[in-house]
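Asks: Sharing a structure, written as structure tokens. Questions coming.
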Amino acid sequence: MSAWFALGCKSSLGRLAASAGVAALVWLLWGFPAGQPELAATAKAAAAPVTCATCHVGVATSYSHAPMRHALEPVDNDPVLLTHPKLTVEQGRYSYAVETKDGKSTYTVSDGKDSLTVPIHWMFGQKSQTWVLEKDGNLYEGLVSYFPRENGLGTTPGDGKTDPKNLTEAMGRKITTWETLQCFNCHATAASEGTKLTLDKLRPGLDCDRCHEGAAQHMADAAHDNFSTLPKSLKKMDAEDTANFCGQCHRTWDTVIRNNWKGTVDVRFQPYRLENSKCFVGNDPRISCLACHNPHQPVDHNDAFYDAKCQACHGEAKATAVAAATAIKSCPVSKDKCVSCHMPKVELPGGHATFTDHMIRVVKAGEVYPD
Amino acid sequence: MLVAPISEAVTKGVSYCKQQILPPRTANSPGLWLPNLLLAALLFGWLIGGNAQQAPQFDDLAARAVAARDSGNVPQAIELYGQATRLKPDWAEGWFYQGLLQYSSNNFPGAIDALSHVLELKPGAAPALALRGLSEFETGAYDDSLRDLDEGVKKGAANEPRNEQIIRYHLAQMLARAGRFQDAMLQYQFFASNHIDDPDLLLGLGLAGMRNTTLPKDFPAEGREVVEAAGSAGYVFLSGDSQGADGLFKKLFERYPTVPNLHFFYGVLLFMHGPDLAIDQFKSEVEVAPSNAAAHAILAYALMFAGRFTEAQPEAEAALARVPDMEMAQIALGRSLAETGDAKRATEVLNQVLQRDADNMEAHMALAAMYSRAGKREEAYRERMVCLGMQK
């Protein structure tokens with residue numbers, strides 16, 4: 001975890017060299033007042049914009065590959081569409097085509113007689129991908145999405161029961177202001193001001209300042225060698241705070257409870273599921289989201305990677321020493337790939353994908369998904 | 001007036017109702033909606049059957065009552081239904097038609113009496129509950145009206161589209177009168193979503209939004225302008241045009257900077273979509289009306305939802321200083337204390353809530369958070385499971 005912020009501002013030359021490769025990562029551009037020392041001078045010399053990556057080279061580099069960074073892909077550089085220049089599917093009496101040419105993507109729906117084509121401006125998701133479309137000033141969630149498991153188009157999750165009456169309805173589901181705000185605020189940066197969408201200012205994916213509030217001020221001050229305005233350290237949050245912080249988008253336990261969301265669809269809401277685990281407690285860093293996941297890095301899909309995290313509590317030595325007092329058990333079946341049994345994969349209804357259930361438990365054969 | 005005499009419509013009976021199946025798009029002639037209660041009753045099926053051993057005299061009276069009703073002769077129909085139910089007091093259908101016809105004749109006590117017989121025979125019959133609730137509204141028995149309309153809607157009386165408008169409009173008024181403003185707004189939401197508007201309806205929505213328990217019909221003309229304008233802004237918001245509503249509310253704030261509960265109204269609407277969006281409005285309300293305990297309480301509540309516990313605590317304290325047992329403020333205070341480390345006082349406050357309402361989910365959620373932060377794993381898990389159990 002400490003490696004996330006490992007590279008400090010020791011060497012301006014080092015910062016500069018490293019920043020060249022990731023300068024485009026963060027579009028927080030700040031000018032340098034005259035008379036500033038080395039950082040300003042070297043930045044000018046290289047003619048590179050100063051970004052978070054100027055100092056935080058390592059974390060910026062790794063974050064450039066992290067899923068949250070790609071929660072919304074840039075319009076002219078979307079790997080999914082660039083590698084799939086023509087996607088088509090028949091859905092009921094409508095046919096769909098998503099085509100990409102010269103970096104521009106379009107979404108077409110046809111009923112055999114007429115067709116409707118709109119440009120794609122917003123690509124949600126790095127693997128599975130849904131497109132938000134604009135028509136006549138309204139925003140729509142495309143009725144078909146791309147799913148890597150099928151390597152093709154399918155019905156967008158949640159829209160399976162939609163019965164389109166015309167081409168516009170077949171194109172997509174009209175989304176409300178509030179839904180739009182939620183979508184963009186969790187997939188992009190600077191997408192809104194209060195209740196107003198600011199799509200003209202939007203930056204795709206989650207930039208540093210989306211989580212690190214105050215990053216812009218810090219960068220401005222750091223350019224003056226003033227480090228008194230550091231953003232709040234998220235590393236110091238306890239498990240409860242971390243679950244709530246990540247839950248802003250991944251949904252908190254409170255949010256799911258207050259909305260009475262039920263069923264296997266809630267497997268997507270990892271903080272909620274985690275807090276339903278018997279072993280979760282808010283003041284224990286070993287069960288924090290961050291104990292297993294580094295948000296600045298891609299998710300590790302190797303089950304064995306997580307064994308050490310489980311063993312931090314359930315390890316043989318620890319279990320022996322504290323078992324009587326804390327009732328922490330060690331597994332009688334296996335000591336490796338714990339998550340393969342205790343955090344089963346659950347098929348998301350209509351999602352064309354499985355999600356890891358973060359409700360850690362002893363899974364009994366044939367059990368009903370525990371809400 | 002949204003409630004017009006409906007005698008003409010009702011006297012034409014079921015066949016007439018069927019010709020009037022679709023309610024008007026606006027609420028200008030709502031009287032035509034009511035006969036559909038009759039149809040709804042038939043659709044429910046509870047009026048038919050159960051009269052296998054009818055005496056010849058009863059059969060004759062019942063047939064003549066139906067004929068009188070079909071021909072539009074309301075007084076005669078009421079008389080004949082009355083005779084028939086005296087012969088056969090367990091004839092629910094007869095009582096219901098009496099109730100309906102009495103209502104249509106503006107004889108509301110008579111309607112209440114007849115419908116009470118229906119409900120004795122068929123407890124919980126949704127159409128009878130709703131119609132009795134409407135009758136009680138007309139007699140000024142508002143508490144009874146709220147009870148019956150609320151119960152009727154819970155049992156599906158508003159599921160019949162042709163009855164939905166009149167039932168929801170009256171229920172909304174009764175909810176606002178009882179101080180259940182947010183519940184009232186949820187009823188008004190139906191009209192906005194369906195683009196049904198009317199000056200009385202906008203006034204009613206404005207009153208609910210501005211936390212005024214006066215009924216629209218009793219509200220003085222001189223105060224209407226601002227309330228109706230607020231209702232219009234709220235209506236635009238509830239119909240889905242948030243930007244349009246934002247403009248209307250801002251104009252209202254400029255024009256009426258000292259009128260209480262305008263910011264409160266907008267804040268409540270925003271709260272439905274995101275507590276953090278509402279916080280600024282509630283703060284403005286507290287500035288306009290510093291002694292408004294409800295404004296302090298809802299500000300505390302919104303801050304609590306947004307996880308801003310240190311800010312929530314003084315607002316909750318301010319509310320409780322004015323109204324010591326205000327539940328919303330107690331929850332906000334209890335949760336804030338729980339999250340900021342004062343477990344002892346948090347437990348005291350939350351237990352006050354739970355003593356009144358053992359199933360208060362927010363109180364259990366606060367306890368879960370408190371135990372979790374304190375490292376009390378089993379207690380936290382227990383409280384979470386209590387909350388999950390409440391959802392099932």
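The values are calculated or read from the model by the stated rules, or taken from the named source; none is laboratory data. Not measured: the values here are computed from a predicted model. Here the Cβ positions follow ideal geometry from the backbone for every residue, glycine too, while neighbour counts run over all protein chains shown.
Asks: Kindly provide the set of residues from segment B:113-127 that are under 20 Å from B:Lys154 (Cα atoms) and buried (at least 23 other Cβ atoms within 10 Å of the Cβ), ordered by number. Let's see the steps before the verdict.
Replies: Quick first cut of segment B:113-127, residues under 20 Å from B:Lys154 (Cα atoms) only: B:115-116, B:118-127.
Within segment B:113-127, B:Leu115, B:Val118, B:Ala125, B:Ala126, B:Pro127 qualify.
Asks: Looking for something under 21 Å from A:Cys289 (Cα atoms), in a loop (DSSP other than H, G, I, E, B), hydrophobic (A, V, I, L, M, F, W, C) and within 14 Å of another protein chain (Cβ to nearest Cβ) - is there at least one such residue anywhere in segment A:344-367?
Replies: The answer is yes; a qualifying residue exists.
Asks: A:Leu181 fails exactly one of the following numbered conditions: (1) of a type in the set (A, V, I, L, M); (2) within 14 Å of chain B (Cβ to nearest Cβ); (3) in a loop (DSSP other than H, G, I, E, B). What is the number of that condition?
Replies: (3)
Asks: Within segment B:218-229, track down each residue that is farther than 19 Å from B:Ile196 by Cα and part of a helix (DSSP H, G or I). Break it down stepwise before answering.
Replies: Going residue by residue through segment B:218-229, those that are farther than 19 Å from B:Ile196 by Cα are B:218-226.
Correct list: B:Asp218, B:Ala221, B:Glu222, B:Gly223, B:Arg224, B:Glu225, B:Val226.
Asks: Separate question: Do any helices (runs of 4 or more DSSP H) entirely within segment B:287-392 hold 3 or more residues that are of a type in the set (D, E, K, R) and more than 14 Å from every other protein chain (Cβ to nearest Cβ), and if so, which?
Replies: Numbers: elements: B:293-305, B:309-322, B:327-340, B:343-356, B:361-373, B:377-391.
Counting at least 3 such residues, we get B:309-322, B:343-356.
Asks: I'm checking my understanding of the structure. Among residues of segment B:253-293 that are among the aromatic types (Phe, Trp, Tyr) and farther than 20 Å from B:Leu320 by Cα, which one is surrounded by the most Cβ atoms within 10 Å (Cβ to Cβ)?
Replies: B:Tyr266
Asks: In this structure, does A:Trp178 turn out to be out of contact with any Cys (no Cβ under 8 Å at 6 or more places or on another chain), surrounded by fewer than 20 Cβ atoms within 10 Å (Cβ to Cβ) and closer than 27 Å to B:Asp276 by Cα?
Replies: Values: out of contact with any Cys (no Cβ under 8 Å at 6 or more places or on another chain): yes; surrounded by fewer than 20 Cβ atoms within 10 Å (Cβ to Cβ): yes; closer than 27 Å to B:Asp276 by Cα: yes.
For A:Trp178, the condition - out of contact with any Cys (no Cβ under 8 Å at 6 or more places or on another chain), surrounded by fewer than 20 Cβ atoms within 10 Å (Cβ to Cβ) and closer than 27 Å to B:Asp276 by Cα - is met.
Asks: Step by step: first the residues of segment A:263-283, then only those that are out of contact with any His (no Cβ under 9 Å at 6 or more places or on another chain) and more than 7 Å from every other protein chain (Cβ to nearest Cβ), then the one that is nearest to B:Gly389 (Cα to Cα). Which residue is that?
Replies: For segment A:263-283, the residue satisfying everything is A:Gly263.
Asks: Mind checking whether some residue in segment B:230-252 is away from chain A (no Cβ under 14 Å) and either surrounded by fewer than 18 Cβ atoms within 10 Å (Cβ to Cβ) or not in a helix (DSSP H, G or I) (or both)?
Replies: Checked against the condition, which is being away from chain A (no Cβ under 14 Å) and either surrounded by fewer than 18 Cβ atoms within 10 Å (Cβ to Cβ) or not in a helix (DSSP H, G or I) (or both), segment B:230-252 yields at least one hit.
Asks: Still on this structure: Please find, within segment B:193-222, the residue that is surrounded by the fewest Cβ atoms within 10 Å (Cβ to Cβ) out of those that are within 13 Å of B:Leu238 (Cβ to Cβ) and of a type in the set (Gly, Ala, Ser).
Replies: B:Ser193
Asks: So A:Asn260 clears everything in (1) loosely packed, with under 14 Cβ neighbours inside 10 Å; (2) without any contact (Cβ under 8 Å) to a residue 40 or more places away in the chain; (3) more than 14 Å from chain B (Cβ to nearest Cβ) except one condition, right? Which one?
Replies: In the conditions (1) loosely packed, with under 14 Cβ neighbours inside 10 Å; (2) without any contact (Cβ under 8 Å) to a residue 40 or more places away in the chain; (3) more than 14 Å from chain B (Cβ to nearest Cβ), A:Asn260 misses (3) alone.
Asks: Residue by residue through segment A:123-163, note down the ones that are surrounded by fewer than 19 Cβ atoms within 10 Å (Cβ to Cβ), acidic (Asp, Glu) and in a strand (DSSP E or B).
Replies: Of everything in segment A:123-163, just one residue is surrounded by fewer than 19 Cβ atoms within 10 Å (Cβ to Cβ), acidic (Asp, Glu) and in a strand (DSSP E or B), namely A:Glu134.
Asks: Follow-up question, since we're still on this one. If you go through segment A:71-102 one residue at a time, how many are within 16 Å of A:Phe147 (Cα to Cα) and crowded, with 16+ Cβ neighbours inside 10 Å? Step through it out loud before you land on a result.
Replies: Kept after step one, since they are within 16 Å of A:Phe147 (Cα to Cα), are these residues of segment A:71-102: A:71-73, A:78-91, A:96-99.
This time we only want the ones that are crowded, with 16+ Cβ neighbours inside 10 Å, so: A:71-73, A:78, A:80-81, A:84, A:87, A:89, A:91, A:96-99.
Going through segment A:71-102 one residue at a time, the tally reaches 14.
Asks: Just the residues that are crowded, with 16+ Cβ neighbours inside 10 Å, free of Cβ contacts under 8 Å to residues at least 60 places away in the same chain and part of a helix (DSSP H, G or I), please, taken from segment A:215-231. Talk me through it step by step, then tell me what you get.
Replies: Residues of segment A:215-231 crowded, with 16+ Cβ neighbours inside 10 Å: A:215-216, A:218-223, A:231.
So of that shortlist, the ones also free of Cβ contacts under 8 Å to residues at least 60 places away in the same chain come out as A:218, A:221, A:231.
Matches in segment A:215-231: A:His218, A:Asp221.
Asks: From (1) within 25 Å of A:Ala71 (Cβ to Cβ); (2) within 11 Å of chain B (Cβ to nearest Cβ), pick out the condition that doesn't hold for A:Asp300.
Replies: All conditions are met except number (2).
Asks: If we scan segment B:153-171, do we find a residue that is crowded, with 24+ Cβ neighbours inside 10 Å, modelled with pLDDT of 95 or more and among the small types (Gly, Ala, Ser)?
Replies: no
Asks: Identify, by number, the condition in (1) under 30 Å from A:Pro49 (Cα atoms); (2) within 22 Å of the chain's Cα centre (by Cα); (3) among the hydrophobic types (A, V, I, L, M, F, W, C); (4) crowded, with 18+ Cβ neighbours inside 10 Å that A:Leu234 doesn't meet.
Replies: (4)
Asks: Out of the residues in segment B:253-286 that are in contact with a helix residue (DSSP H, G or I) (Cβ under 9 Å, 6 or more places away or on another chain), farther than 23 Å from B:Leu186 by Cα and part of a helix (DSSP H, G or I), state the one that is farthest from the other protein chains (Cβ to nearest Cβ). It would help to see each step written out before you state the result.
Replies: Residues of segment B:253-286 in contact with a helix residue (DSSP H, G or I) (Cβ under 9 Å, 6 or more places away or on another chain): B:253, B:255-286.
Imposing the further condition that a residue be farther than 23 Å from B:Leu186 by Cα reduces the set to B:253, B:255-259, B:283-284, B:286.
Those left that are additionally part of a helix (DSSP H, G or I): B:253, B:255, B:283-284, B:286.
Values: B:Phe253: 15, B:Arg255: 21, B:Lys283: 13, B:Ser284: 13, B:Val286: 19 Å.
Once the filter is applied, the top-ranked residue is B:Arg255.
Asks: Can you find a residue in segment A:164-178 that is assigned to a helix (DSSP H, G or I), away from chain B (no Cβ under 14 Å) and of a type in the set (D, E, K, R)? Talk me through it step by step, then tell me what you get.
Replies: As a first pass, look at segment A:164-178 and keep what is assigned to a helix (DSSP H, G or I): A:167-171, A:177-178.
When the remaining residues are screened for being away from chain B (no Cβ under 14 Å), the result is A:167-171.
The next check asks that each one be of a type in the set (D, E, K, R); those that pass are A:169.
For segment A:164-178, residues assigned to a helix (DSSP H, G or I), away from chain B (no Cβ under 14 Å) and of a type in the set (D, E, K, R): present.
Asks: From B:Met328, B:Met361, grab the single residue that is at pLDDT 95 or above and in contact with a Phe, Trp or Tyr (Cβ under 7 Å, 6 or more places away or on another chain). Can you show your working first?
Replies: Details: B:Met361 fails: in contact with a Phe, Trp or Tyr (Cβ under 7 Å, 6 or more places away or on another chain).
That would be B:Met328, the only listed residue that is at pLDDT 95 or above and in contact with a Phe, Trp or Tyr (Cβ under 7 Å, 6 or more places away or on another chain).
Asks: Yes or no: B:Asp200 of a type outside the set (Val, Ile, Thr), in contact with a helix residue (DSSP H, G or I) (Cβ under 6 Å, 6 or more places away or on another chain), assigned to a helix (DSSP H, G or I) and at pLDDT below 95?
Replies: When the stated conditions are applied, B:Asp200 passes them.
Asks: Could I ask something else about it? Look through A:Phe245, A:Phe147 and report the one residue that is within 14 Å of chain B (Cβ to nearest Cβ), within 18 Å of the chain's Cα centre (by Cα) and either at negative phi or charged (D, E, K, R) (or both).
Replies: Matching residue, one of A:Phe245, A:Phe147: A:Phe245.
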